[in-house]
DNA sequence: ACGGATTTGTGCGTATGTATA
DNA sequence: CTATACATACGCACAAATCCG
């Protein structure tokens, strides 16, 4: 019943400031963490087994597990039963430049053969593939409603694409879930008798689908959040529990000010990184727009 | 000795595909997660105690703790000994617009009274405060060296600022760690006999410190990553274990192409969000720059 | 300022199931 | 199939943090 902080409700548990022997699990945690940070344990290396560590430190297996659980939560190691064991995690990031409009008009739908995300990933040596994983009419979740400035629950079309990367014989990995949300009336618009936004396959139009439908997106509002994945996302992205995800939302606004669509991209923090490149205006460009 | 995936070394543990009774902890986890998702448990609400849940489900306390640990890891609840107990977590995000250069030239150092971050936070009703928490000469970590395109280990000056937010009687929270890394020769440059970048206090120059030193940053390269905090960051930001952080790096490049500085901002995912607003060029603006 | 009540944190032991090589 | 190593689950005890009287 008392007033808690509205940013974070917690006062997290913290070790007392007075000098006190560290918790046992923390000794193990610190030791392993140091070995990883200092490169004595490298990505891909096996971490000693729980039993080894237990006998080595003289602690119980449960205590060792606490330390390992924390390392896993920190994204430093992975776990797998059997002979997989625990390993020091790799972190290889595919980057995505969100301000490179040069290569043909930017669009979320492939205009050339590849879109901007694929182009960036390929430039770093990744093979890419993307598939449309469903076009569905759904009630707008609160967040999407906020992006499109409509009432929560409004019917929208969600077009989900899954973006995979792979490299030299390495099994393909899902790098990103890309959901495009569009108002129903726009999604139903047709060109030559077909509604491209409702196609279950990867539709390609020169200049992008929205442009072909008559919308020129002149302004983008991007928003980036950091959070833990929902169970659905964790399953789709196939990430370990404890891997954070980034969420990038791009709202496209046309010349009349209408919010034409929002592209919500969710990606695992250990696989993807975002880039922006900005030219700084000389002075104050127009002094205009201040919301 | 076998080839593991180079993106993520793991094959995460997964429940067998065959229909099998869920793990006990998972039953509890799903129940509580559903209650939170459906709003039966709201942010700030107390979660039933471990003992209550144990007797309610007829499971051991350790099993209940596994479920609660997972919820905590997912960022959904917080924990604290004693009468704090566990609560459903709040998530209130301060937003930061990284493309609003209009209000006076953008700079990481306050040019007017407030910089862009403070201006954004204040527009949302937060009170802000920032302090310089140290100016130190350090060897460039690998990542910073990459940003500044110098050799790892190069001596650099790190100027650390801590950015706090608070609201109506709510205790102040650290929202962001903002580290500006500058080559030593630039950091030592003086104006009227003093080197502003070495000042331990919040120095204010109209147009920004770098501009006053003669550098006009004409181009920014931004990079955004998502990861788990280091123990240091977790302690500084005072976040629960399991809270992800975002890392925003902005490299400032002057008209000669020199990388003048990099501002590395680390923030807790449950407190901060990033925004960009972009105008889409009509065609292909110059066709130039392609790295 | 102190002490008690509550609730989570740490730690031990043991046992069995299950995925992987 | 077997060995390995992690996952799940139980029980118990005590320490530590917070709040309130």
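The values are calculated or read from the model by the stated rules, or taken from the named source; none is laboratory data. As the structure is a prediction and not an experimental result, all values here were calculated from the model. All Cβ positions, glycine included, derive from the backbone under ideal geometry; neighbour counts span all protein chains shown.
Of the residues making up the stretch A:102-131, those that are surrounded by fewer than 18 Cβ atoms within 10 Å (Cβ to Cβ) and modelled with pLDDT of 60 or more are A:114, A:122, A:123, A:124, A:125, A:127, A:129, A:131.
This table checks each residue for (1) buried (at least 16 other Cβ atoms within 10 Å of the Cβ); (2) more than 8 Å from chain B (Cβ to nearest Cβ); (3) in contact with a helix residue (DSSP H, G or I) (Cβ under 7 Å, 6 or more places away or on another chain).
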position	(1), (2), (3)
A:200	no, yes, no
A:205	yes, yes, yes
A:219	yes, no, no
A:231	no, no, no
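A count restricted to the stretch A:21-49 and to residues that are within 14 Å of chain B (Cβ to nearest Cβ) and more than 10 Å from DNA strand C (Cβ to nearest atom) stands at 16.
Answer yes if at least one residue in the stretch B:256-278 is surrounded by fewer than 22 Cβ atoms within 10 Å (Cβ to Cβ) and modelled with pLDDT under 90, and no otherwise. Among the residues of the stretch B:256-278, not one is surrounded by fewer than 22 Cβ atoms within 10 Å (Cβ to Cβ) and modelled with pLDDT under 90, which makes the answer no.
Within the stretch A:74-96, restricting attention to residues that are within 12 Å of DNA strand D (Cβ to nearest atom) and within 7 Å of chain B (Cβ to nearest Cβ), the residue that is farthest from residue A:120 (Cα to Cα) is A:81. Tally time: how many residues in the stretch B:259-284 are touching a helix residue (DSSP H, G or I) at 6+ places or on another chain (Cβ under 9 Å) and either more than 10 Å from chain A (Cβ to nearest Cβ) or part of a loop (DSSP other than H, G, I, E, B) (or both)? The total comes to 8.
Each residue in the stretch B:28-67 was checked for being touching a helix residue (DSSP H, G or I) at 6+ places or on another chain (Cβ under 7 Å) and within 12 Å of DNA strand D (Cβ to nearest atom), and 15 of them qualify. Scanning the stretch A:60-90 for residues that are in a loop (DSSP other than H, G, I, E, B) and surrounded by fewer than 20 Cβ atoms within 10 Å (Cβ to Cβ), we see that the one that is modelled with the lowest pLDDT is A:81. Taking the condition of being away from chain B (no Cβ under 14 Å) and either more than 28 Å from residue A:95 (Cβ to Cβ) or buried (at least 18 other Cβ atoms within 10 Å of the Cβ) (or both), how many residues in the stretch A:133-161 meet it? The qualifying residues number 20. Pairs linking a residue in the stretch B:233-244 that is outside the structural domain of residue B:160 (by TED's automatic domain parsing) to a residue that is at pLDDT 85 or above and not in a helix (DSSP H, G or I), with Cβ atoms under 9 Å and 6 or more positions apart or on different chains, do not occur.
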